[in-house]
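The values are calculated or read from the model by the stated rules, or taken from the named source; none is laboratory data. Since the structure is predicted, the reported quantities are computational estimates derived from the model, not experimental observations. Note: ideal-geometry Cβ built from the backbone for every residue, glycine included; neighbour counts use all protein chains shown. Keep in mind that these areas ignore ligands, DNA and RNA; they rest on the heavy atoms of the full protein, side chains included. Shrake-Rupley method; radii C 1.70, N 1.55, O 1.52, S 1.80 Å.
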Amino acid sequence: MAKKLMKVGWDVVAIDENEEALARLGENWSGGFVVGHGMDVNVLREAGIEEADAVVVATNGDNTNIVVGQVAQKRFGIECTVVRILDPARAELYATLGLRTVSPTSTAIEVLSEAVKSCTVRPARAPAAAS
């Protein structure tokens with residue numbers, strides 16, 4: 001996500017507890033990187049949240065994503081806060097509460113359903129008649 005946003009011209013600062021995550025961004029990463037937890041307000045400040053136009057929260061945990069998203073939105077006034085939530089019901093609930101949510105699980109369900117619906121299914125064979 002960070003690489004894609006940077007490629008289209010955004011100034012990006014990534015936050016991760018694991019410094020080794022910087023290696024995944026590649027040798028040519030020219031954005032910022034802060035080692036720490038996104039629920040730590042000081043880490044968010046170090047990353048520049050007070051000047052940010054947008055925040056994307058996509059950790060491995062829905063609870064963490066929701067909390068960090070709410071902090072970005074409510075405490076720092078970041079209107080464009082986008083949060084990944086795996087649980088479709090929770091994503092829907094928090095969307096009604098004002099967070100921009102993305103649920104990969106919901107997207108996968110929709111895509112898989114459409115793929116199955118587009119299959120050509122042969123009509124069931126009539127049972128063979130006994131002679």
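Table for the structure above
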| quantity | calculated |
| --- | --- |
| Top-ranked residue in region 51-66 [being among the polar types (S, T, N, Q), open to solvent by 30 Å² or more (accessible area, probe 1.4 Å) and at pLDDT 95 or above; ranked as nearest to residue 78 (Cα to Cα)] | 64 |
| Selected residue (criterion: nearest to residue 67 (Cα to Cα)) from residues of region 16-31 that are small (Gly, Ala, Ser) and in a loop (DSSP other than H, G, I, E, B) | 31 |
| Residue in region 32-44 that is β-branched (Val, Ile, Thr) and assigned to a loop (DSSP other than H, G, I, E, B) present | no |
| When residues of region 102-121 are limited to those that are under 23 Å from the mean Cα position of the chain (by Cα) and not hydrophobic (A, V, I, L, M, F, W, C), the one nearest to residue 81 (Cα to Cα) | 103 |
| Criterion: free of Cβ contacts under 8 Å to residues at least 24 places away in the same chain and closer than 19 Å to residue 101 by Cα - qualifying residue of 42, 60 | 60 |
| Residue within region 31-50 that is touching a strand residue (DSSP E or B) at 6+ places or on another chain (Cβ under 9 Å), acidic (Asp, Glu) and open to solvent by 70 Å² or more (accessible area, probe 1.4 Å) present | yes |
